[in-house]
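S.K.: Next up is a structure, given as structure tokens.
The values are calculated or read from the model by the stated rules, or taken from the named source; none is laboratory data. Everything quoted here is computed from the prediction, not taken from an experiment. Cβ coordinates were reconstructed from backbone atoms using ideal geometry, including for glycine residues, and neighbour counts include every protein chain displayed. Please note that ligands, DNA and RNA were not included when accessible areas were found on the heavy atoms of the full protein model with its side chains. Shrake-Rupley method; radii C 1.70, N 1.55, O 1.52, S 1.80 Å.
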Amino acid sequence: MSDLIVIPARYGSTRLPGKPLLKLAGRTLLERVVANAQRASELAGNCDVVVATDDPRIRDHAMAIGAQAILTPASLNSGSARAQAAANQREAPPERVINLQGDAPFISPTSIAALIDALREGETDVATPVYQLDWDRLDRLREHKKSAPFSGTTCVRDEAGKALWFSKSILPALRGEEELRERPMSPVWQHLGLYAYTMEALDWFGHAPQGVYEKLEGLEQLRFLEHGRSIATVPVEPPQHALSGIDTAHDLELAEEAIARLGDPFDA
């Protein structure tokens, strides 16, 4: 039984319509995410990749760039729900499902593969990657949120790596920051938009009601925490290009600037 990377790619983003088809340095966001997923599947082994979308235009583009693609109902309200629908359309349901958002072009194949390995080797039902911010990255995130307050998610975790909370706000608040800055790393962890589930956990998610804070924050992973289920966080290296996801037109501009300055990871 193989694992499955599902790339949910919705056309009707309120802030950036048609987002998966928008081009970044000459290639669509979806093309970049598919390439990373396919490389991760090679690294992890025994893992397939499929694009799950609500729009024929995205399906056709996915197939044109060499990806499997299926249509899922437009009524689905989260990437995880779309991943569940895609997994249940398989002839043989996968044992584990990785939900890789179609607007996250800078999540590296090694980070995706590490999450697959963590779920295979651990005892958790849900896992997601996080990275610790140094002070420069934290300062950039604070500045970025002045113009895009809902771009970028932080995570509070316990010493064992279990997630305590996720938020579009920067958590935790930092008292005595001047003293804290004597250390190289800040206490803030940023979340990468990537989840791995056992099929049982994903099926549970698909039937559980939305949580209050899930709706307020717009963060689907809070459904697990609000219903008393745990999420393991997996520390990974921060994305070189700083932005893990593209939520706004401004994010797209920043991503273009990062590629011009640092090089294009797609070519690598």
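S.K.: Limited to segment 211-257, what total is found for residues that are without any contact (Cβ under 8 Å) to a residue 24 or more places away in the chain, among the small types (G, A, S) and touching a Lys or Arg at 6+ places or on another chain (Cβ under 7 Å)?
M.R.: Adding up the residues that qualify gives 1.
S.K.: Which number in (1) of a type in the set (V, I, T); (2) touching a Leu at 6+ places or on another chain (Cβ under 9 Å); (3) in contact (Cβ under 8 Å) with a residue 60 or more places away in the chain; (4) open to solvent by less than 60 Å² (accessible area, probe 1.4 Å) marks the one condition that T124 misses?
M.R.: (2)
S.K.: Please enumerate the residues belonging to segment 65-105 that are within 29 Å of D264 (Cα to Cα), modelled with pLDDT under 90 and not polar (S, T, N, Q).
M.R.: Result: G79, G102, D103, A104.
S.K.: Are any residues in segment 151-168 in contact with a Pro (Cβ under 8 Å, 6 or more places away or on another chain) and either among the polar types (S, T, N, Q) or open to solvent by 40 Å² or more (accessible area, probe 1.4 Å) (or both), and if so, which ones?
M.R.: Taking segment 151-168 as the starting set, the residues that turn out to be in contact with a Pro (Cβ under 8 Å, 6 or more places away or on another chain) are 156, 161, 168.
V156, the sole residue that qualifies.
S.K.: Test each condition in (1) hydroxyl-bearing (S, T, Y); (2) without any contact (Cβ under 8 Å) to a residue 12 or more places away in the chain; (3) within 18 Å of G245 (Cα to Cα) for S75 and report the one that comes out false.
M.R.: Unmet for S75, out of (1) hydroxyl-bearing (S, T, Y); (2) without any contact (Cβ under 8 Å) to a residue 12 or more places away in the chain; (3) within 18 Å of G245 (Cα to Cα): (3).
S.K.: Looking only at segment 131-168, count how many residues are outside any helix (DSSP H, G or I) and farther than 18 Å from E217 by Cα. Write out each step before concluding.
M.R.: Step one: list which residues in segment 131-168 are outside any helix (DSSP H, G or I), which gives 131-134, 148-168.
In the following step, the residues that additionally are farther than 18 Å from E217 by Cα were identified as 131-134, 158-162.
Summing the residues that are outside any helix (DSSP H, G or I) and farther than 18 Å from E217 by Cα in segment 131-168 gives 9.
S.K.: Would you tally the residues in segment 9-59 being out of contact with any Lys or Arg (no Cβ under 9 Å at 6 or more places or on another chain), among the hydroxyl-bearing types (S, T, Y) and under 17 Å from G79 (Cβ atoms)?
M.R.: The number of residues fulfilling the criteria is 1.
S.K.: What residue, among those in segment 169-197 that are closer than 30 Å to A81 by Cα, touching a helix residue (DSSP H, G or I) at 6+ places or on another chain (Cβ under 7 Å) and in a loop (DSSP other than H, G, I, E, B), is most open to solvent (accessible area, probe 1.4 Å)?
M.R.: My answer is I170.
S.K.: Any idea which residue in segment 112-126 is nearest to F224 (Cα to Cα), counting only those that are β-branched (V, I, T) and under 16 Å from the mean Cα position of the chain (by Cα)?
M.R.: Taking segment 112-126 first, the residues β-branched (V, I, T) are 112, 116, 124, 126.
Filter once more, keeping what is under 16 Å from the mean Cα position of the chain (by Cα): 112, 116, 126.
Numbers: I112: 21, I116: 19, V126: 9 Å.
Top of the filtered list is V126.
S.K.: Pick from D247, D267: which is of a type outside the set (A, V, I, L, M, F, W, C), part of a loop (DSSP other than H, G, I, E, B) and surrounded by 15 or more Cβ atoms within 10 Å (Cβ to Cβ)?
M.R.: Working: D267 fails: surrounded by 15 or more Cβ atoms within 10 Å (Cβ to Cβ).
Every option except D247 fails the conditions.
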